[in-house]
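Okay, so here's the structure we're looking at.
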Amino acid sequence: MVSKQLVTQTRRVGSYFIGLLLLIMSVGSYAANLLSEVNRNAVNLGESFDLNVIYSEQIIFGEPDFNALKKDFKILSQNKRSQYSNYNGRSISTTRWILSLSPKRLGTLLIPSFTFKDEISNALEIKVSKAKASTQVAGAPVFTETLLDKNSVYVQEQALLTLRLYTSVPMSNFAFDELAVPGAQLIKVAESQYQKEIDGQQYTVVETRYAIFADSSSTLEIPAIQYRGVIADPTARNSGSLFRQRGRQVYFNTEARQLQVKPMPSNSPLQHWLPGKGLGLQERWSNPTSDITLGEPLTRTITITGQGLMGSQLPPLQIPNSKSYKLYPDQAQIENSVSEAGVIGKRIESIAIVPTQVGSITLPDITVGWWDTKANKVRHTVLKGRTLNVLPASASTELTGNAAAPTPEGDISALSSQALQNATSPITGTYFWLLAASNVVLLIVATVFAVLWWRNRPRELQAPAQSTAAKPDKELFQELRMACAFDNYSALRQAIIHWARVHWQQESLHSLEQVAELADSEALKAEFKALDARLYSDNDTQQPVSSDTIFLQLESVRKSGAANKAAGKKDQRQHLQALYPKGS
């Protein structure tokens with residue numbers, strides 16, 4: 001009986017032992033060698049979280065395929081970390097892949113299983129909610145503030161958006177998203193950081209200000225942006241890595257806002273719609289006096305300044321030509337300067353004025369209309385014109401083809417009397433012959449020296465000097481400009497060829513066709529063809545010649561050539577510097 005009970009107990013102990021062994025084996029087989037875990041199961045849209053994929057061995061090469069995550073998540077960063085430890089004689093090795101993810105949409109998103117070395121990880125669910133603004137709450141350590149300087153604007157009118165983050169606790173690894181507003185142009189005008197006391201509590205304020213210009217009349221949606229940082233937390237569990245700061249990642253969202261954009265008033269008489277706080281016109285002259293010379297250019301630089309307007313919004317100036325002068329505008333310069341008050345746009349236009357007749361010429365007033373957003377009405381800014389006194393130039397008779405002015409009768413009579421007096425002055429015969437003999441001796445000596453110099457002259461001086469090379473590019477181009485101003489076609493053709501020889505350093509140039517080929521301009525080819533036809537063709541139906549087109553095209557060629565030369569010199573300097581490194 002005892003033996004039977006003993007056998008029964010032995011069987012029970014054996015069954016328990018076998019069951020325990022099977023349980024241990026089942027637990028060991030269930031313990032995943034590839035495990036996925038996240039630091040947060042619920043996040044807001046726009047926030048990030050960490051996904052850890054852990055493998056129970058050290059891996060040097062290879063990793064799981066994470067491409068399936070890209071369907072619902074943005075992979076912000078990916079790192080790999082290996083760890084080895086020995087506890088009570090038992091070694092533990094792990095490899096951890098750490099991915100920072102941000103969800104792409106709202107709802108419940110699935111982190112799929114991953115396969116690595118015949119092991120399969122577990123799947124996870126992430127709940128993504130709509131981001132809420134972190135507005136001020138009494139005593140809150142961190143909050144945001146969103147301000148618009150106005151709730152409605154006209155189309156293309158400036159609106160100022162101010163975003164602030166208040167924090168009373170230390171924050172590291174601070175960052176925030178860049179704002180983007182569809183349907184509007186955005187300019188960051190100010191960034192600052194300062195201290196502010198609220199209800200007896202000291203806050204650090206990070207402020208960013210934007211100028212917004214809506215492209216069309218509608219309701220403009222200004223989205224929220226997210227601030228991120230790490231707040232120190234001494235009690236937080238940490239791996240002890242020196243490269244990872246202790247603390248917890250926090251996220252704070254600004255408030256989304258709407259801006260009502262009104263259309264331009266239907267009764268506005270303005271040719272260009274310029275809604276701003278102020279508009280100014282200023283001018284600068286290359287010659288401060290009112291006296292200028294016929295045919296010589298005078299540069300007038302006009303600056304348009306718009307408060308609350310971008311430089312690209314400011315229109316080009318409309319200045320009419322006249323028979324008394326010609327205008328050659330340069331390419332306008334567009335600038336924007338920013339401050340806490342917003343954008344101040346500038347448009348700078350330089351215009352060369354070439355007078356074509358002697359006497360008094362008057363430049364008209366320049367008027368620019370704009371919409372005053374403070375007074376809500378149309379205003380006009382006027383730049384007064386100027387009267388110039390054009391003086392004759394010595395070269396004007398050659399350019400205009402006029403005959404030389406006759407000498408007044410009084411001058412002729414004075415000259416005749418003076419010549420008669422000189423002719424009747426008494427000169428003794430002896431003095432006359434001595435003077436003649438001395439002149440003959442000097443002439444013989446000069447001839448001998450001239451022959452000796454010619455035989456022994458330096459070889460490099462034997463070549464004849466080039467006539468066009470004696471004049472600089474600037475002087476030749478000024479002659480070209482004056483010929484264009486007076487529509488003197490024969491002088492213009494000669495001036496173009498002379499300038500082109502110096503510009504391209506080719507003395508063999510002798511035709512306008514060659515100049516057009518070097519300039520690679522179809523417009524110049526057409527104008528040069530018309531110019532040659534006007535000068536040399538007998539056909540009565542000739543194509544008109546545009547001197548202004550020729551001048552502007554050649555001026556563009558001249559400027560591009562100067563820019564290429566400057567770039568070549570700069571590139572040469574860079575190459576020379578590379579030959580002598582600092583360490584040598």
Using DSSP to define loop residues, name the chymotrypsin sites (Phe, Trp or Tyr not before Pro) in the range 59-98 whose beta-carbon has at most 14 other beta-carbon atoms within 10 Å.
PHE61
Karplus 3J(HN,Hα) series, Hz, for the range 143-156 with 6.51 cos²θ - 1.76 cosθ + 1.60 (x for Gly, Pro):
7, 10, 9, 10, 10, 10, 6, 7, 8, 9, 9, 7, 4, 6
Using a basic spin-label model with each label point 7 Å from the Cα along Cα→Cβ, how many nm lie between LYS559 and ALA526?
2.1 nm
So ILE120 and GLN195, fully extended at 0.36 nm per residue minus their Cα-Cα distance, gain in nm 21.8 nm
Could you pull out every residue, at least 5 positions away or on a different chain, whose amide H is within less than 5 Å of the one on GLY278? Hs are placed 1.01 Å off N in the peptide plane, and Pro or chain starts have none.
GLN307
Name the long-range amide H neighbours of LEU294: under 5 Å, sequence gap of 5 or more, or other chain; modelled H, no Pro or chain starts.
LEU391, ALA393
Whole-Hz ³J(HN,Hα) from phi, Karplus 6.51 cos²θ - 1.76 cosθ + 1.60, for the range 530-535, glycine and proline x:
5, 5, 5, 5, 5, 7
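Counting other Cβ atoms within 10 Å, which trypsin sites (Lys or Arg not before Pro) in the range 88-121 have at most 16 and lie in a DSSP loop?
LYS104, ARG105, LYS117
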Quick one: Karplus J couplings for the range 359-375, per residue in order, coefficients 6.51, -1.76, 1.60, θ = phi - 60°, nearest Hz, x for Gly and Pro?
x, 9, 10, 10, 8, x, 5, 10, 10, 10, x, 8, 9, 7, 6, 7, 8
Amide H neighbours of ALA190 under 5 Å, counting only residues 5+ apart in sequence or on other chains, H built in-plane at 1.01 Å?
ARG209
With label points set 7 Å from each Cα along the Cα-to-Cβ direction at ILE334 and SER508, the distance between them in nm comes to 4.4 nm
Inverse of mean 1/r across different Cα pairs in the range 34-129, Kirkwood, Å
14.2 Å
Estimated distance in nm for a label pair at PHE174 and ALA133, the labels positioned 7 Å out from Cα along Cα-to-Cβ:
2.1 nm
Those lysines that a straight Cα-Cα span of less than 29 Å connects to LYS150, excepting residues fewer than 8 apart in one chain:
LYS130, LYS132, LYS188, LYS196, LYS262, LYS277, LYS346, LYS374, LYS377
Chain lengthening between SER91 and ASN52 when straightened (0.36 nm per residue, less Cα-Cα):
11.9 nm
Can you list the GluC sites (Glu not before Pro) in the range 263-367 that are in a DSSP coil and have 15 or fewer other beta carbons within 10 angstrom?
GLU340
How would LEU443, LEU509 line up from fewest to most surrounding beta-carbon atoms within 10 angstrom?
LEU443, LEU509
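Every number in this text was worked out from the coordinates using simple rules, so none of it is lab data. Here the structure is a predicted model, which is why all the values come from computation and not from measurement. Virtual Cβ from ideal backbone geometry, glycine too; neighbours counted across all protein chains shown.
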